[in-house]
There are 2 protein chains.
Amino acid sequence: MPRPSAAEPPAGDAGPSVPPALPTTERGRRMRARLLAAAREVFERDGFLTARVTDISAAAGVAHGSFYTYFGSKTAVFRALVAETMDDLYASMATHGEAGPPDGSPAGLAVHRIDQANRRFVAMYRQNTALMALFEQVTTFDPEVRALRRAARERNVGRVRHSIEQLQRDGVVAADLDAEYAAHALVAMVNGAVHYWLVLDGDFEEERLVATLTRLWAQALGLPSRG
Amino acid sequence: MPRPSAAEPPAGDAGPSVPPALPTTERGRRMRARLLAAAREVFERDGFLTARVTDISAAAGVAHGSFYTYFGSKTAVFRALVAETMDDLYASMATHGEAGPPDGSPAGLAVHRIDQANRRFVAMYRQNTALMALFEQVTTFDPEVRALRRAARERNVGRVRHSIEQLQRDGVVAADLDAEYAAHALVAMVNGAVHYWLVLDGDFEEERLVATLTRLWAQALGLPSRG
DNA sequence: GTTGACATTGACGTCGATGTCAACTTAGCT
DNA sequence: AGCTAAGTTGACATCGACGTCAATGTCAAC
(Lines give C-alpha, C1' and ligand atoms only; values in the text may rest on other atoms or scores of the structure.)
Protein backbone atom coordinates (compact mmCIF):
# COMPACT_ATOMS: atom_id res chain seq x y z
CA MET A 1 0.00 0.00 0.00
CA PRO A 2 2.54 2.64 0.91
CA ARG A 3 4.38 2.43 -2.34
CA PRO A 4 5.80 5.57 -3.97
CA SER A 5 3.44 6.48 -6.74
CA ALA A 6 6.62 7.39 -8.54
CA ALA A 7 5.89 9.14 -11.78
CA GLU A 8 8.67 9.79 -14.24
CA PRO A 9 12.09 11.19 -13.41
CA PRO A 10 11.52 14.87 -14.06
CA ALA A 11 7.83 15.05 -14.78
CA GLY A 12 5.41 14.45 -17.57
CA ASP A 13 7.46 12.74 -20.19
CA ALA A 14 4.76 10.13 -19.93
CA GLY A 15 4.68 10.37 -23.70
CA PRO A 16 3.94 13.11 -26.18
CA SER A 17 0.37 13.86 -27.06
CA VAL A 18 1.12 12.50 -30.54
CA PRO A 19 3.08 9.27 -30.38
CA PRO A 20 5.07 9.13 -33.62
CA ALA A 21 3.66 6.55 -35.96
CA LEU A 22 5.85 3.73 -37.20
CA PRO A 23 7.78 4.76 -40.31
CA THR A 24 6.22 3.97 -43.65
CA THR A 25 9.28 4.11 -45.86
CA GLU A 26 12.22 1.75 -45.96
CA ARG A 27 14.63 4.51 -45.00
CA GLY A 28 12.46 5.29 -42.02
CA ARG A 29 12.52 1.73 -40.82
CA ARG A 30 16.30 1.59 -41.03
CA MET A 31 16.62 4.88 -39.20
CA ARG A 32 14.36 3.71 -36.44
CA ALA A 33 16.35 0.53 -36.07
CA ARG A 34 19.58 2.50 -35.90
CA LEU A 35 18.18 4.71 -33.17
CA LEU A 36 16.98 1.71 -31.23
CA ALA A 37 20.40 0.09 -31.41
CA ALA A 38 22.06 3.35 -30.41
CA ALA A 39 19.63 3.72 -27.53
CA ARG A 40 20.48 0.28 -26.23
CA GLU A 41 24.17 1.07 -26.48
CA VAL A 42 23.89 4.36 -24.64
CA PHE A 43 21.50 3.05 -22.02
CA GLU A 44 23.77 0.13 -21.26
CA ARG A 45 26.75 2.42 -21.01
CA ASP A 46 25.26 5.29 -19.01
CA GLY A 47 22.14 3.91 -17.40
CA PHE A 48 18.68 5.18 -18.24
CA LEU A 49 18.73 8.24 -16.04
CA THR A 50 22.07 9.63 -17.09
CA ALA A 51 21.54 8.93 -20.78
CA ARG A 52 20.56 11.95 -22.86
CA VAL A 53 18.56 12.04 -26.04
CA THR A 54 21.48 13.88 -27.61
CA ASP A 55 23.80 10.99 -26.82
CA ILE A 56 21.47 8.55 -28.48
CA SER A 57 21.20 10.70 -31.58
CA ALA A 58 24.96 11.10 -31.68
CA ALA A 59 25.52 7.36 -31.25
CA ALA A 60 23.15 6.76 -34.12
CA GLY A 61 25.00 9.33 -36.21
CA VAL A 62 21.99 11.54 -36.78
CA ALA A 63 20.94 15.03 -35.79
CA HIS A 64 19.33 15.66 -32.45
CA GLY A 65 16.02 16.54 -34.01
CA SER A 66 15.72 13.31 -35.96
CA PHE A 67 15.22 11.40 -32.77
CA TYR A 68 11.83 12.99 -32.32
CA THR A 69 10.70 11.83 -35.72
CA TYR A 70 10.61 8.31 -34.32
CA PHE A 71 10.22 8.55 -30.59
CA GLY A 72 8.44 10.97 -28.36
CA SER A 73 10.83 10.81 -25.45
CA LYS A 74 13.65 8.93 -23.83
CA THR A 75 11.10 6.81 -22.00
CA ALA A 76 9.39 6.02 -25.27
CA VAL A 77 12.55 4.60 -26.87
CA PHE A 78 13.16 2.56 -23.81
CA ARG A 79 9.70 1.07 -23.91
CA ALA A 80 10.17 0.24 -27.57
CA LEU A 81 13.52 -1.30 -26.79
CA VAL A 82 12.09 -3.47 -24.06
CA ALA A 83 9.20 -4.56 -26.25
CA GLU A 84 11.57 -5.53 -29.06
CA THR A 85 14.08 -7.29 -26.85
CA MET A 86 11.74 -9.19 -24.58
CA ASP A 87 10.79 -11.59 -27.34
CA ASP A 88 14.42 -12.40 -28.06
CA LEU A 89 15.12 -13.11 -24.44
CA TYR A 90 12.15 -15.42 -24.22
CA ALA A 91 13.12 -17.17 -27.39
CA SER A 92 16.59 -17.79 -26.01
CA MET A 93 15.02 -19.48 -23.03
CA ALA A 94 12.81 -21.77 -25.06
CA THR A 95 13.32 -25.48 -24.53
CA HIS A 96 16.14 -26.69 -26.71
CA GLY A 97 16.26 -30.25 -27.87
CA GLU A 98 18.63 -31.38 -25.18
CA ALA A 99 20.40 -34.67 -24.79
CA GLY A 100 18.24 -37.13 -22.93
CA PRO A 101 18.42 -37.29 -19.14
CA PRO A 102 20.70 -39.91 -17.62
CA ASP A 103 18.01 -41.18 -15.33
CA GLY A 104 14.68 -42.32 -16.71
CA SER A 105 12.60 -42.05 -13.52
CA PRO A 106 9.92 -39.35 -13.52
CA ALA A 107 11.60 -37.50 -10.67
CA GLY A 108 15.07 -37.78 -12.20
CA LEU A 109 13.72 -36.49 -15.46
CA ALA A 110 12.05 -33.59 -13.71
CA VAL A 111 15.25 -32.65 -11.93
CA HIS A 112 17.11 -32.77 -15.20
CA ARG A 113 14.60 -30.46 -16.81
CA ILE A 114 14.79 -28.05 -13.89
CA ASP A 115 18.55 -28.01 -14.19
CA GLN A 116 18.42 -27.31 -17.92
CA ALA A 117 15.97 -24.48 -17.43
CA ASN A 118 18.07 -22.93 -14.68
CA ARG A 119 21.19 -23.12 -16.82
CA ARG A 120 19.44 -21.44 -19.73
CA PHE A 121 18.09 -18.74 -17.48
CA VAL A 122 21.44 -18.01 -15.89
CA ALA A 123 23.18 -17.93 -19.26
CA MET A 124 20.58 -15.56 -20.64
CA TYR A 125 20.91 -13.29 -17.63
CA ARG A 126 24.69 -13.30 -17.86
CA GLN A 127 24.60 -12.36 -21.52
CA ASN A 128 22.12 -9.56 -20.92
CA THR A 129 23.05 -8.28 -17.51
CA ALA A 130 23.13 -4.64 -18.47
CA LEU A 131 19.72 -4.91 -20.03
CA MET A 132 18.29 -6.65 -17.01
CA ALA A 133 19.69 -3.97 -14.74
CA LEU A 134 18.18 -1.29 -16.95
CA PHE A 135 14.89 -3.09 -16.93
CA GLU A 136 14.93 -3.09 -13.17
CA GLN A 137 15.91 0.55 -12.99
CA VAL A 138 13.08 1.77 -15.17
CA THR A 139 10.64 -0.56 -13.46
CA THR A 140 11.06 1.50 -10.32
CA PHE A 141 9.41 4.55 -11.86
CA ASP A 142 7.66 3.71 -15.11
CA PRO A 143 4.30 2.00 -14.74
CA GLU A 144 4.32 0.73 -18.29
CA VAL A 145 7.65 -1.02 -17.96
CA ARG A 146 6.54 -2.29 -14.59
CA ALA A 147 3.57 -3.91 -16.27
CA LEU A 148 5.85 -5.57 -18.82
CA ARG A 149 8.05 -6.86 -16.05
CA ARG A 150 5.10 -8.28 -14.17
CA ALA A 151 3.83 -9.93 -17.30
CA ALA A 152 7.20 -11.54 -17.95
CA ARG A 153 7.34 -12.80 -14.40
CA GLU A 154 3.83 -14.19 -14.61
CA ARG A 155 4.69 -16.11 -17.75
CA ASN A 156 7.67 -17.63 -16.01
CA VAL A 157 5.67 -18.48 -12.94
CA GLY A 158 2.93 -19.95 -15.08
CA ARG A 159 5.34 -22.37 -16.69
CA VAL A 160 6.77 -23.43 -13.37
CA ARG A 161 3.37 -23.80 -11.78
CA HIS A 162 2.30 -25.97 -14.65
CA SER A 163 5.29 -28.19 -14.22
CA ILE A 164 4.66 -28.48 -10.49
CA GLU A 165 1.04 -29.40 -11.07
CA GLN A 166 2.15 -32.06 -13.50
CA LEU A 167 4.46 -33.53 -10.88
CA GLN A 168 1.63 -33.45 -8.38
CA ARG A 169 -0.59 -35.40 -10.74
CA ASP A 170 2.23 -37.91 -11.12
CA GLY A 171 2.33 -38.24 -7.36
CA VAL A 172 5.96 -37.12 -7.12
CA VAL A 173 5.21 -33.84 -5.39
CA ALA A 174 2.96 -33.46 -2.38
CA ALA A 175 -0.55 -32.57 -3.50
CA ASP A 176 -1.15 -30.10 -0.70
CA LEU A 177 1.63 -27.77 -1.85
CA ASP A 178 0.25 -24.58 -3.34
CA ALA A 179 1.67 -24.77 -6.84
CA GLU A 180 1.09 -21.10 -7.61
CA TYR A 181 2.79 -19.81 -4.49
CA ALA A 182 5.58 -22.35 -4.71
CA ALA A 183 6.22 -21.39 -8.32
CA HIS A 184 6.46 -17.75 -7.34
CA ALA A 185 8.89 -18.54 -4.57
CA LEU A 186 11.13 -20.71 -6.72
CA VAL A 187 11.21 -18.21 -9.56
CA ALA A 188 12.04 -15.51 -7.02
CA MET A 189 14.86 -17.62 -5.69
CA VAL A 190 16.57 -18.09 -9.03
CA ASN A 191 15.86 -14.55 -10.17
CA GLY A 192 17.05 -13.03 -6.94
CA ALA A 193 20.21 -15.06 -6.62
CA VAL A 194 21.27 -14.37 -10.18
CA HIS A 195 20.39 -10.71 -9.78
CA TYR A 196 22.59 -10.49 -6.74
CA TRP A 197 25.40 -12.22 -8.54
CA LEU A 198 25.37 -10.23 -11.76
CA VAL A 199 23.77 -6.90 -11.00
CA LEU A 200 24.82 -6.33 -7.42
CA ASP A 201 28.12 -7.93 -8.22
CA GLY A 202 28.09 -10.70 -5.66
CA ASP A 203 30.89 -13.22 -5.46
CA PHE A 204 29.68 -16.43 -7.06
CA GLU A 205 30.92 -19.19 -9.27
CA GLU A 206 28.39 -19.96 -11.98
CA GLU A 207 28.52 -23.73 -11.96
CA ARG A 208 28.28 -23.97 -8.21
CA LEU A 209 25.45 -21.46 -8.16
CA VAL A 210 23.37 -23.29 -10.72
CA ALA A 211 24.01 -26.60 -9.04
CA THR A 212 22.90 -25.24 -5.68
CA LEU A 213 19.82 -23.60 -7.13
CA THR A 214 18.76 -26.78 -8.86
CA ARG A 215 19.39 -28.84 -5.78
CA LEU A 216 17.38 -26.54 -3.53
CA TRP A 217 14.61 -26.33 -6.06
CA ALA A 218 14.39 -30.10 -6.37
CA GLN A 219 14.51 -30.71 -2.65
CA ALA A 220 11.99 -27.99 -1.96
CA LEU A 221 9.59 -29.95 -4.12
CA GLY A 222 10.53 -33.19 -2.41
CA LEU A 223 12.28 -34.62 -5.46
CA PRO A 224 15.25 -36.86 -4.78
CA SER A 225 18.39 -34.91 -5.61
CA ARG A 226 21.91 -36.31 -5.47
CA GLY A 227 22.29 -39.74 -3.96
CA MET B 1 30.37 -7.31 -16.49
CA PRO B 2 28.11 -5.33 -18.84
CA ARG B 3 26.36 -3.44 -16.10
CA PRO B 4 25.42 0.21 -16.61
CA SER B 5 27.96 2.25 -14.77
CA ALA B 6 25.00 4.43 -13.95
CA ALA B 7 26.10 7.56 -12.21
CA GLU B 8 23.54 9.84 -10.65
CA PRO B 9 20.27 10.90 -12.28
CA PRO B 10 21.27 14.21 -13.83
CA ALA B 11 25.00 14.36 -13.21
CA GLY B 12 27.42 15.11 -10.48
CA ASP B 13 25.27 15.48 -7.40
CA ALA B 14 27.60 12.86 -6.03
CA GLY B 15 27.91 15.20 -3.09
CA PRO B 16 29.08 18.74 -2.60
CA SER B 17 32.76 19.38 -2.12
CA VAL B 18 31.98 20.35 1.47
CA PRO B 19 29.60 17.89 3.11
CA PRO B 20 27.74 19.89 5.77
CA ALA B 21 28.90 18.95 9.24
CA LEU B 22 26.40 17.64 11.77
CA PRO B 23 24.72 20.48 13.64
CA THR B 24 26.30 21.59 16.90
CA THR B 25 23.36 23.33 18.50
CA GLU B 26 20.14 21.83 19.79
CA ARG B 27 18.07 23.82 17.35
CA GLY B 28 20.22 22.51 14.55
CA ARG B 29 19.63 18.92 15.57
CA ARG B 30 15.88 19.42 15.66
CA MET B 31 15.93 21.09 12.27
CA ARG B 32 17.94 18.27 10.76
CA ALA B 33 15.53 15.74 12.19
CA ARG B 34 12.56 17.64 10.78
CA LEU B 35 14.16 17.72 7.36
CA LEU B 36 14.89 14.01 7.50
CA ALA B 37 11.30 13.24 8.44
CA ALA B 38 10.04 15.51 5.68
CA ALA B 39 12.40 13.88 3.22
CA ARG B 40 11.07 10.45 4.06
CA GLU B 41 7.52 11.69 3.68
CA VAL B 42 8.16 13.28 0.30
CA PHE B 43 10.26 10.41 -1.01
CA GLU B 44 7.61 7.90 -0.06
CA ARG B 45 4.94 10.00 -1.69
CA ASP B 46 6.71 11.00 -4.91
CA GLY B 47 9.57 8.58 -5.31
CA PHE B 48 13.18 9.65 -5.21
CA LEU B 49 13.43 10.90 -8.76
CA THR B 50 10.34 13.05 -8.82
CA ALA B 51 10.93 14.50 -5.37
CA ARG B 52 12.40 18.00 -5.34
CA VAL B 53 14.49 19.65 -2.70
CA THR B 54 11.88 22.40 -2.60
CA ASP B 55 9.19 19.90 -1.69
CA ILE B 56 11.24 18.57 1.17
CA SER B 57 11.89 22.05 2.51
CA ALA B 58 8.22 22.90 2.19
CA ALA B 59 7.15 19.71 3.94
CA ALA B 60 9.54 20.54 6.75
CA GLY B 61 8.11 24.05 6.88
CA VAL B 62 11.41 25.79 6.23
CA ALA B 63 12.85 27.92 3.46
CA HIS B 64 14.42 26.34 0.46
CA GLY B 65 17.86 27.52 1.41
CA SER B 66 17.79 25.97 4.86
CA PHE B 67 17.94 22.54 3.36
CA TYR B 68 21.50 23.16 2.25
CA THR B 69 22.58 23.99 5.75
CA TYR B 70 22.17 20.32 6.59
CA PHE B 71 22.45 18.34 3.39
CA GLY B 72 24.45 18.83 0.26
CA SER B 73 21.95 17.34 -2.14
CA LYS B 74 18.85 15.24 -2.52
CA THR B 75 21.04 12.16 -2.72
CA ALA B 76 22.76 13.18 0.50
CA VAL B 77 19.51 13.32 2.49
CA PHE B 78 18.53 10.00 1.11
CA ARG B 79 21.77 8.42 2.18
CA ALA B 80 21.34 9.88 5.64
CA LEU B 81 17.78 8.60 5.73
CA VAL B 82 18.84 5.12 4.78
CA ALA B 83 21.64 5.10 7.31
CA GLU B 84 19.29 6.21 10.08
CA THR B 85 16.49 3.85 9.15
CA MET B 86 18.48 0.73 8.46
CA ASP B 87 19.22 0.22 12.13
CA ASP B 88 15.56 0.42 13.04
CA LEU B 89 14.64 -2.14 10.42
CA TYR B 90 17.28 -4.49 11.68
CA ALA B 91 16.22 -3.99 15.25
CA SER B 92 12.65 -4.85 14.32
CA MET B 93 13.90 -8.14 12.91
CA ALA B 94 15.86 -9.11 15.98
CA THR B 95 14.86 -12.36 17.63
CA HIS B 96 11.98 -11.76 19.98
CA GLY B 97 11.43 -13.96 22.99
CA GLU B 98 8.86 -16.16 21.33
CA ALA B 99 6.70 -18.83 22.83
CA GLY B 100 8.46 -22.18 22.77
CA PRO B 101 8.13 -24.41 19.72
CA PRO B 102 5.48 -27.11 19.84
CA ASP B 103 7.93 -29.79 18.78
CA GLY B 104 11.12 -30.36 20.70
CA SER B 105 13.09 -32.20 18.02
CA PRO B 106 16.09 -30.35 16.58
CA ALA B 107 14.56 -30.25 13.12
CA GLY B 108 11.16 -29.17 14.39
CA LEU B 109 12.78 -26.44 16.39
CA ALA B 110 14.72 -25.28 13.37
CA VAL B 111 11.60 -25.13 11.24
CA HIS B 112 9.87 -23.15 13.93
CA ARG B 113 12.69 -20.66 14.05
CA ILE B 114 12.71 -20.33 10.27
CA ASP B 115 9.01 -19.66 10.34
CA GLN B 116 9.37 -17.00 13.01
CA ALA B 117 12.14 -15.27 11.11
CA ASN B 118 10.14 -15.31 7.89
CA ARG B 119 7.10 -13.86 9.63
CA ARG B 120 9.15 -11.06 11.12
CA PHE B 121 10.74 -10.31 7.80
CA VAL B 122 7.46 -10.21 5.95
CA ALA B 123 5.87 -8.01 8.61
CA MET B 124 8.79 -5.61 8.49
CA TYR B 125 8.62 -5.45 4.71
CA ARG B 126 4.88 -4.86 4.77
CA GLN B 127 5.24 -2.02 7.25
CA ASN B 128 8.02 -0.39 5.24
CA THR B 129 7.12 -1.17 1.69
CA ALA B 130 7.53 2.35 0.41
CA LEU B 131 10.94 2.60 1.96
CA MET B 132 12.04 -0.71 0.52
CA ALA B 133 10.88 0.34 -2.92
CA LEU B 134 12.81 3.58 -2.56
CA PHE B 135 15.83 1.70 -1.44
CA GLU B 136 15.65 -0.44 -4.53
CA GLN B 137 15.14 2.56 -6.78
CA VAL B 138 18.18 4.42 -5.57
CA THR B 139 20.24 1.25 -5.55
CA THR B 140 19.96 1.21 -9.32
CA PHE B 141 22.04 4.35 -9.72
CA ASP B 142 23.80 5.30 -6.50
CA PRO B 143 26.91 3.28 -5.69
CA GLU B 144 26.86 4.27 -2.04
CA VAL B 145 23.33 3.07 -1.45
CA ARG B 146 24.13 0.00 -3.47
CA ALA B 147 26.94 -0.74 -1.05
CA LEU B 148 24.57 -0.36 1.90
CA ARG B 149 22.12 -2.70 0.28
CA ARG B 150 24.80 -5.28 -0.34
CA ALA B 151 25.97 -5.01 3.23
CA ALA B 152 22.44 -5.53 4.52
CA ARG B 153 22.02 -8.54 2.31
CA GLU B 154 25.32 -10.00 3.40
CA ARG B 155 24.36 -9.67 7.04
CA ASN B 156 21.15 -11.54 6.36
CA VAL B 157 22.91 -14.22 4.40
CA GLY B 158 25.53 -14.54 7.11
CA ARG B 159 22.90 -15.30 9.72
CA VAL B 160 21.20 -17.85 7.52
CA ARG B 161 24.48 -19.48 6.55
CA HIS B 162 25.38 -19.75 10.19
CA SER B 163 22.12 -21.46 11.01
CA ILE B 164 22.56 -23.87 8.11
CA GLU B 165 26.06 -24.73 9.25
CA GLN B 166 24.72 -25.39 12.71
CA LEU B 167 22.14 -27.79 11.31
CA GLN B 168 24.86 -29.49 9.32
CA ARG B 169 26.91 -29.99 12.46
CA ASP B 170 23.82 -31.48 14.08
CA GLY B 171 23.54 -33.85 11.16
CA VAL B 172 20.06 -32.65 10.20
CA VAL B 173 21.15 -31.06 6.93
CA ALA B 174 23.33 -32.74 4.33
CA ALA B 175 26.96 -31.81 4.89
CA ASP B 176 27.76 -31.47 1.20
CA LEU B 177 25.33 -28.59 0.71
CA ASP B 178 27.16 -25.30 0.18
CA ALA B 179 25.86 -23.29 3.12
CA GLU B 180 26.91 -19.94 1.68
CA TYR B 181 25.28 -20.46 -1.70
CA ALA B 182 22.21 -22.03 -0.16
CA ALA B 183 21.83 -19.13 2.24
CA HIS B 184 22.00 -16.70 -0.66
CA ALA B 185 19.40 -18.63 -2.57
CA LEU B 186 16.99 -18.89 0.35
CA VAL B 187 17.33 -15.24 1.24
CA ALA B 188 16.75 -14.38 -2.40
CA MET B 189 13.64 -16.51 -2.40
CA VAL B 190 12.02 -14.78 0.54
CA ASN B 191 13.18 -11.34 -0.50
CA GLY B 192 12.08 -11.80 -4.07
CA ALA B 193 8.68 -13.23 -3.30
CA VAL B 194 7.85 -10.51 -0.81
CA HIS B 195 9.17 -7.88 -3.17
CA TYR B 196 6.89 -9.16 -5.89
CA TRP B 197 3.95 -9.20 -3.53
CA LEU B 198 4.36 -5.75 -2.02
CA VAL B 199 6.34 -3.68 -4.47
CA LEU B 200 5.22 -5.12 -7.78
CA ASP B 201 1.77 -5.55 -6.34
CA GLY B 202 1.37 -9.27 -6.85
CA ASP B 203 -1.74 -11.08 -5.70
CA PHE B 204 -0.86 -12.91 -2.52
CA GLU B 205 -2.35 -13.77 0.82
CA GLU B 206 0.17 -13.18 3.58
CA GLU B 207 -0.42 -16.24 5.70
CA ARG B 208 -0.36 -18.59 2.77
CA LEU B 209 2.74 -16.91 1.41
CA VAL B 210 4.70 -17.21 4.63
CA ALA B 211 3.57 -20.79 5.10
CA THR B 212 4.71 -21.72 1.62
CA LEU B 213 8.03 -19.94 2.00
CA THR B 214 8.77 -21.68 5.27
CA ARG B 215 7.75 -25.03 3.88
CA LEU B 216 9.92 -24.70 0.79
CA TRP B 217 12.82 -23.42 2.87
CA ALA B 218 12.57 -26.33 5.26
CA GLN B 219 12.23 -28.94 2.55
CA ALA B 220 15.03 -27.43 0.54
CA LEU B 221 17.25 -28.08 3.52
CA GLY B 222 15.87 -31.57 3.93
CA LEU B 223 14.05 -30.80 7.16
CA PRO B 224 10.79 -32.63 7.77
CA SER B 225 7.94 -30.18 7.20
CA ARG B 226 4.28 -30.95 7.72
CA GLY B 227 3.22 -34.51 8.32
C1' DG C 1 22.06 44.92 26.32
C1' DT C 2 25.63 44.19 23.45
C1' DT C 3 28.27 41.09 20.98
C1' DG C 4 29.21 37.37 17.81
C1' DA C 5 28.52 32.88 16.09
C1' DC C 6 25.23 30.35 14.10
C1' DA C 7 20.93 29.67 11.51
C1' DT C 8 17.07 31.18 8.34
C1' DT C 9 15.19 33.34 4.51
C1' DG C 10 13.76 33.69 -0.37
C1' DA C 11 14.85 36.07 -4.47
C1' DC C 12 18.05 35.34 -8.09
C1' DG C 13 21.46 33.51 -11.44
C1' DT C 14 23.00 29.31 -13.58
C1' DC C 15 22.85 25.37 -16.15
C1' DG C 16 21.72 21.65 -19.04
C1' DA C 17 18.41 18.71 -21.11
C1' DT C 18 14.43 18.99 -23.78
C1' DG C 19 11.58 19.67 -27.65
C1' DT C 20 10.53 22.75 -31.75
C1' DC C 21 10.79 24.52 -36.24
C1' DA C 22 11.89 26.69 -40.63
C1' DA C 23 15.03 25.71 -44.05
C1' DC C 24 16.97 22.12 -46.58
C1' DT C 25 17.65 17.32 -48.61
C1' DT C 26 16.22 12.91 -50.30
C1' DA C 27 13.66 9.78 -53.08
C1' DG C 28 9.74 8.02 -55.44
C1' DC C 29 6.59 9.01 -59.14
C1' DT C 30 4.85 10.71 -63.62
C1' DA D 1 13.07 17.23 -65.19
C1' DG D 2 9.59 18.63 -62.02
C1' DC D 3 6.63 17.73 -58.23
C1' DT D 4 5.48 16.17 -53.65
C1' DA D 5 5.65 13.86 -49.42
C1' DA D 6 8.65 12.22 -46.13
C1' DG D 7 12.76 12.83 -43.66
C1' DT D 8 16.83 15.54 -41.89
C1' DT D 9 19.18 19.20 -39.79
C1' DG D 10 20.98 22.09 -35.97
C1' DA D 11 20.35 26.45 -33.98
C1' DC D 12 17.23 28.21 -30.71
C1' DA D 13 13.80 29.10 -26.99
C1' DT D 14 11.98 27.10 -22.96
C1' DC D 15 11.76 25.40 -18.60
C1' DG D 16 12.49 23.79 -14.10
C1' DA D 17 15.42 22.29 -10.55
C1' DC D 18 19.37 23.55 -8.32
C1' DG D 19 22.49 25.96 -5.40
C1' DT D 20 24.03 30.69 -3.77
C1' DC D 21 24.18 34.60 -0.95
C1' DA D 22 23.47 39.04 1.24
C1' DA D 23 20.34 40.47 4.45
C1' DT D 24 18.02 39.33 8.46
C1' DG D 25 16.87 36.83 12.57
C1' DT D 26 17.92 33.99 16.92
C1' DC D 27 20.14 32.88 21.04
C1' DA D 28 23.55 32.19 24.59
C1' DA D 29 27.22 34.22 27.01
C1' DC D 30 29.31 37.76 29.19
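Take B:ARG45, push a point 7 Å out from Cα through the beta-carbon direction, and compare it with the same point in every other copy: 4.0 nm, smallest first. The simple spin-label model puts a point 7 Å past each Cα toward its Cβ; for B:ARG159 and B:ALA83 those points are separated by 2.3 nm. Taking Cα centroids, how far is region A:165-220 from region B:22-45 in Å? The two parts, judged by their Cα centres, are 43 Å apart. Indicate the gyration tensor shape class of region B:117-176 (rounded, prolate or oblate), computed on the Cα atoms with a ≥ b ≥ c the square roots of the eigenvalues: a/c under 1.5 is rounded; otherwise a/b larger than b/c is prolate and the rest oblate. Note, shape of region B:117-176 comes out oblate.
As an exercise, use a Förster radius of 60 Å and the Cβ-Cβ distance of B:ARG169 and A:ALA33 to find the FRET efficiency, rounded to the nearest 0.05.
Efficiency, from the Cβ-Cβ distance: 0.55.
By the Cα gyration tensor, region B:95-220 has an equivalent ellipsoid whose semi-axes, rounded to whole angstrom, run 27, 18, 12 from largest to smallest. With the simple spin-label model, which puts each label point 7 Å out from Cα in the Cβ direction, the B:GLN116 to A:ASP176 separation comes to 2.4 nm. For A:THR50, the solvent-accessible surface with a 1.4 Å probe is about 40 Å², rounded to the nearest 10. Within the accessible area of chain A, the carbon and sulfur atoms contribute 54%, probe 1.4 Å, all protein chains present. Each stretch of four or more DSSP H residues adds -39500 (n - 2.57); spread over every residue of chain A, this sum gives -22500 deg cm²/dmol at 222 nm. Calculated accessible area for chain A comes out at 45 Å² per residue, all protein chains present (probe 1.4 Å; ligands, DNA, RNA ignored). For A:ASP201, the solvent-accessible surface with a 1.4 Å probe is about 90 Å², rounded to the nearest 10. Rolling a 1.4 Å probe over the protein heavy atoms leaves B:GLU144 with an accessible area of roughly 100 Å². Each of A:ALA94 and A:ASP201 was given a label point 7 Å from its Cα along the Cα-to-Cβ line. The distance between the two points is 3.7 nm.
Derived value for the protein assembly as shown: Kirkwood hydrodynamic radius 23.9 Å. Basis is the mean of 1/r over every pair of different alpha-carbon atoms. Kirkwood analysis of the Cα pair distances in chain A returns a hydrodynamic radius of 19.9 Å.
The values are calculated or read from the model by the stated rules, or taken from the named source; none is laboratory data. Everything numeric in this text was worked out from a predicted model, so none of it was measured. Neighbour counts run over all protein chains shown; Cβ positions are idealised from the backbone, glycine included. Note: areas computed on protein heavy atoms with side chains; ligands, DNA, RNA excluded. Shrake-Rupley method; radii C 1.70, N 1.55, O 1.52, S 1.80 Å.
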